[in-house]
Amino acid sequence: MVSAENNDASLPLKERFKDLLLGDQIWPNDSKVQVELYTNENSLKERLQWFFIKNQKSSLKVRVLYFSLNLLSCILYMAQVLNDTEQEHKCLDCQYKNYTILNINWASVIWVERSEALWCMQLSVAVVCLFPRILVMYLCYKGNIRQQIFRITFILEMIDSVPFFISIFYRPLRNLFVPVFLNCWLAKHALENIVNDLHRAIHRTQTAMFNQVLILISTIMCLIFTFICGVEHLQRAGGKINLFESFYFCIVTFSTVGFGDVIPDIWPSKLLVVIMIFVALLVLPIQFEQLAFLWMERQKSGGNYSRHRAENEKHVVLCVSSLKINRLMDFLNEFYAHPGLEDHYVVILCPAEMDTKVRQILQIPMWSHRVIYLQGSALKDEDLVRAKLDKAEACFILTSRCQADRNAADHQTILRAWAVKDFAPDCRLFVQILKPENKLHVKFADHIVCEEEFKYAMLALNCICPATSTLITLLVHTSQGLEGQYSPGDWHRIYDKCSANEVYNIVLKDSVFFSEYEGMSFPCASFHSYKKYGICLFGVCPEDSKSILLNPGPQHTMKPLDMCFYINITKEENSCFKIKKSYKKSPKNQVPMSSIVASSMAIDIQDIDSPSSLGPSLSTEPLTSNRRQPTKSAALQIPAPPISHTEDVSSGRSEYPRIHVSGDESSESYVRGYPPNLPYIGSSQTLCHLRKEKMPKCCMQLVKFLSKTCNHEDDDDVKAYSLMNKLTIVSAEVAGNGLYNFILPLRASYRAQNELYPIVLLLEQEPDADFLETVCWFPMIYYLVGSIDNLDNLLRCGVSFAANMVVVDKESTMSAKEDYMADAKTIVNVQTLFRLFSGLKIITELTHPANMRFMQFSAKDCYSRAFSKLQKKEREKGTNLSFIFHLPFAAGRVFSVGMLDTLLYQSFVKDYMITITRLLLGLETTPRSGFLCAMKITEADLCMQTYGRLYQTLCSTVGHVPIGIYRTESQTAGPPETPRSPLSVSLSEFEEGRDPEEHGLRRRSVRWASQLLGPWHADRDAEKSCQQQRLLLSCTERQELTKLVMKRMKNLGLCTGGFDEKNDNQSSHSYVLINPSPDTRLERNDIVYIISIDPLSSMLNVNSSKTSEKRMGEENKATESPQNKDQNHLSHFTL
């Protein structure tokens, strides 16, 4: 190196520059030498080792030849036995001799009859087999010759081949007996080597189970063949038997039957039988034990999914980190609830060992031939190959929500999704994620469900649209509506029947439901399809757009290629259409549908553009006031939508007291716009109510605000700041990005001004600066650091005057040693709140749906106990919807995010369900798409009488589409299982439609008859007296708790006015009716879920109609009569 550097340095600069430019061109005539690099030595021994041992393909060919020759030698031996018919055996070209020893003539054992041709063939086989055996022994020699010589395979080869070599030089030995049948053991050894080389050659991993089965079968066959040939040959010296008789004797002996018709009669044969039995007893149990062990291990790992089945059958793969029985049954029940998926297989890929309960479930015949459990990881390609993921229809990746670190659970889910997408790019991917900020990494998935997004949005809508969580949960579950058919409660049967409604879709031109409404407006088609078929058309995907629109309003005209989305008990393809012509009298006080249709044109339409027409009869405003206001018309009256994006929020009429705000929180400081700071990448852009200037972070801290230590605070009292009016409190452990999705629906631009109630976040940890920077642009957002189990913290954040209390499940308590104990602390804290503040509407999230029965638990409530028995009966029947019978769930007071798993499962069949759910919850907004809201039925609105009439009124006036009812009923009638006397039934039937005199006579006769039923009435009176005593005790306990809370409030300096107001919520139950029948009677305080039209699109439609009306009015002003004017006005709003 030194000399080369010196030589290069000695060259002139010109030459070195020329060498740099021209390179190899300055030596054009230099010859080049090719150098071959050898990885092995080029000696003869190395080449032979490469050919016979190291090279997979060549060694495989040699072993196949060796195996074939060993089998051929066994066949030649059998041919020799069959052709040996001599009575006296001797050596070739020798005299017969008697070799009698121990009373046995050994001549027939030592010598055999072998033809010249047979000897030549056996000699050839022996030579060919012996040569590679000696060669391989030489190639494998590493200095220990004794180890090579005393190997069993070499000894057997010598025994079977050397006598044939000797017979070449010494002719008389050509008739010598050679135990060639022992070559079967050499063939067994060669077969094992062939299998190993075969798997190496084709790069396929062999299973230990296959090898062990092969070893066991080959061992049994070798034992049987050795036994047959040995006994047959030794019996030549005694009573001769042929090969078939020897085979028969072998099977009878090994099967321990022992008939005794064929037995060995000389001691060598008997000795061989004893030896073979001992060998079998030593070898076979060891083989069976190893096979059983491998079988048990294979059962744990699940084996492989057959490639033949994967190519001919359809299957999906379910990837989970841990599998619980409840989650598995939810998936299987929901997946196989669709008739088109009955022929699909489910392959479960889980790294954990199968749970005992899961194993028991998968052994049920209903699931054993459908579900295959494989223990493995989605990050390993060999496990994905076992599951045949490249042939799968879809892959579901479920996260572990009970893990303490939810970010770590999401990271595992992300890696699984990446591995699946890398292995099978064309496989449909369904991913479940926990944190919304982690959705960015799995955007490539076909369908994604983020738990925190959905749960916070549902909890938020529960505050303004009661039981939204129940409504959405029932829509995303598949049910036949038969779970509560045997319930003694009427409302329970109706509620369960309506819970069977689901969302379906169909193209307009292919539909019997909607094809006749082509060219009509959307509200018109929705009403007529509901009137005729009882289905609720609530959304559409236009042919010129890929976006789903909820209630696009009257401006949308139905076209043939529009995709219609409707709510019904079953889809149209499974419906049977029968035209019924019946003329039954309508029930008393019930308006038939014919009268509804006939009165369509007679509805007194109010001008929604005129401020004087605004009324509170049926409004989309908050639904907690029961104030009655008279109305002048039966028409629906709803306030006009906002006018523009950026104008300030205008004050409108409301049946609730106006929110008084102070200083910079006045309504004039609100604008509509998009939030300037998004908490995470991928959060939806939603038009919201925002402040013109962001709120100082010190003003958001409720402690400083209440203590008036904030420099930005004015002199107004905190109560004037409206914190005690319609307050919503959210109790959470940390201020995560999911809380943003709680605030977003409550501050959406389509919400009315009087729905913007204060939100107080009760957090156990101080929120970080990024979160406060995100939410400071929203009006009336405050936080307080405290815990739900501290009464002082609850009172300081205004729980005594709050309308809603939302309790979010804590991440730190989701994992527990006993699974169902994860909700213990939350349930006890909520029960304490329920006892202290009975008038507070508490909305709780639980980890496990089974714990819903403990919400608002009362051990002496006979009504709840009666329905608890019904829930247990339905659970015993195997239903996966037992939680719908819990009264808190039916009322929308409790929710478990685990119930949303079916949303991901349904997306396999209904790929639109996630999008529709996000639109209903306000997580996404689409231009021209409506939103979910609710309105309350007052006594003045009961003139419409039925839900069908309400449906028509909403569609014909403002274009809204109702989808269900939230109904509250009193429990004063007693528990559903309380027996009812026939006398009381007859009395109730008699009291209707009777005159007073006859009614009094009937009552006296009933009183006389009731005396005959003394025991029954005595029991009933005793029960009533017990109920009255419990009521007195509860009132006393309530008074004591009220005094305790009020005393604590006075000590904290809080106002106690209005806290001790009585509340009767405990004596009522609520439930949701999805798409009820048209003749369903409306009741006071019913809350109707409606899909309202987009305010912007309605504003544009109203402006255009105003312009056209003004132009038409100017042209026809002179000739237009009042009657024609009314008809022209009506044509813009009627269907």
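Applying 0.36 nm per residue to the separation of Trp295 and Lys443 and subtracting their alpha-carbon distance, the gain on full extension is 49.2 nm. Say R0 is 25 Å: what FRET efficiency, to the nearest 0.05, do Ala208 and Ser322 get from their beta-carbon distance? Calculated transfer efficiency: 0.45.
Modelled this way, with points 7 Å down the Cα-to-C-beta line, the labels at Leu173 and Phe278 are 3.0 nm from one another. Annotation: amide H of Ile535 within the under-5 Å range of Tyr530, sequence separation 5 or more or interchain, hydrogens built in the peptide plane. Computed from label points 7 Å out along Cα-Cβ, the spacing between Cys698 and Leu942 is 5.5 nm. The HN-Hα couplings worked out from phi for the range 109-114 by the Karplus form 6.51 cos²θ - 1.76 cosθ + 1.60 (θ = phi - 60°) are 8, 7, 10, 9, 8, 9 Hz, whole numbers, x standing for Gly and Pro. Once the Cα-Cα distance is subtracted from the 0.36 nm per residue extended length, the Ile145 to Val828 segment shows a gain of 237.9 nm. Normalised by the number of residues in the range 721-792, the average gap of Cα pairs under 8 Å and 6 or more apart makes the relative contact order 38 percent. How much accessible surface area, in Å² rounded to 10, belongs to the heavy atoms of Leu76 with a 1.4 Å probe? Near enough 20 Å² of accessible area.
Given N residues in the range 364-452, what is its alpha carbon radius of gyration divided by 2.2 N^0.38 Å? Output field value: 1.13. The candidates Tyr138, Tyr99, Tyr912, arranged from most to least accessible area with a 1.4 Å probe in the full protein assembly, appear as Tyr138, Tyr99, Tyr912. Can you give the translational diffusion coefficient of the range 289-423 in µm²/s, computed by Stokes-Einstein from the Kirkwood radius over Cα pairs at 20 °C and 1.002 mPa s? Value of D from the Cα-based Kirkwood radius: 139 µm²/s. Accessible area per residue was computed with a 1.4 Å probe on protein heavy atoms; Ser368 scores about 60 Å².
In the structure shown, the pairs Lys810/Lys936; Lys455/Lys532; Lys357/Lys910; Lys497/Lys531 are assessed against 25 Å; a Cα-Cα span above that value is assigned to Lys810/Lys936; Lys455/Lys532; Lys357/Lys910.
Note on surface exposure: Met78, Met296, Met158 rank Met296, Met78, Met158 by accessible area, highest first, 1.4 Å probe. Using the Cβ-Cβ distance between Glu773 and Ala408 with R0 = 25 Å, the FRET efficiency computed as 1/(1 + (r/R0)^6) comes to roughly 0.40. For Glu1083, the accessible surface of its heavy atoms amounts to roughly 70 Å² (probe 1.4 Å, protein chains only, rounded to the nearest 10).
Using the Cβ-Cβ distance between Leu65 and Arg359 with R0 set to 60 Å, the FRET efficiency from 1/(1 + (r/R0)^6) comes to roughly 0.80. Applied to the range 738-743, the Karplus parametrisation 6.51 cos²θ - 1.76 cosθ + 1.60 on θ = phi - 60° returns per-residue 3J(HN,Hα) values of x, 4, 4, 6, 7, 6 Hz, with x for Gly and Pro. Distance between the modelled labels on Tyr674 and Lys1050, one decimal in nanometres: 5.5 nm (7 Å Cα→Cβ projection). Full extension of the chain segment joining Glu516 with Lys546 gains 8.5 nm, where the gain is 0.36 nm per residue of separation less the Cα-Cα distance.
Ordering 682-688, 411-417 by mean Cβ neighbour count within 10 Å, with the highest value first, yields 411-417, 682-688.
With every protein chain in place and a 1.4 angstrom probe, the accessible-area ranking of Ile224, Ile134, largest first, reads Ile134, Ile224. Take every pair of alpha-carbon atoms less than 8 Å apart whose residues are at least six positions apart; their mean separation over the length of the range 753-812 yields a relative contact order of 34 percent.
The values are calculated or read from the model by the stated rules, or taken from the named source; none is laboratory data. Here the structure is a predicted model, which is why all the values come from computation and not from measurement. No Cβ is skipped: glycine too gets one built from the backbone with ideal geometry, and neighbour counts run over all protein chains shown. Only protein heavy atoms, including side chains, enter the accessible area calculation; ligands, DNA and RNA are left aside. Shrake-Rupley method; radii C 1.70, N 1.55, O 1.52, S 1.80 Å.
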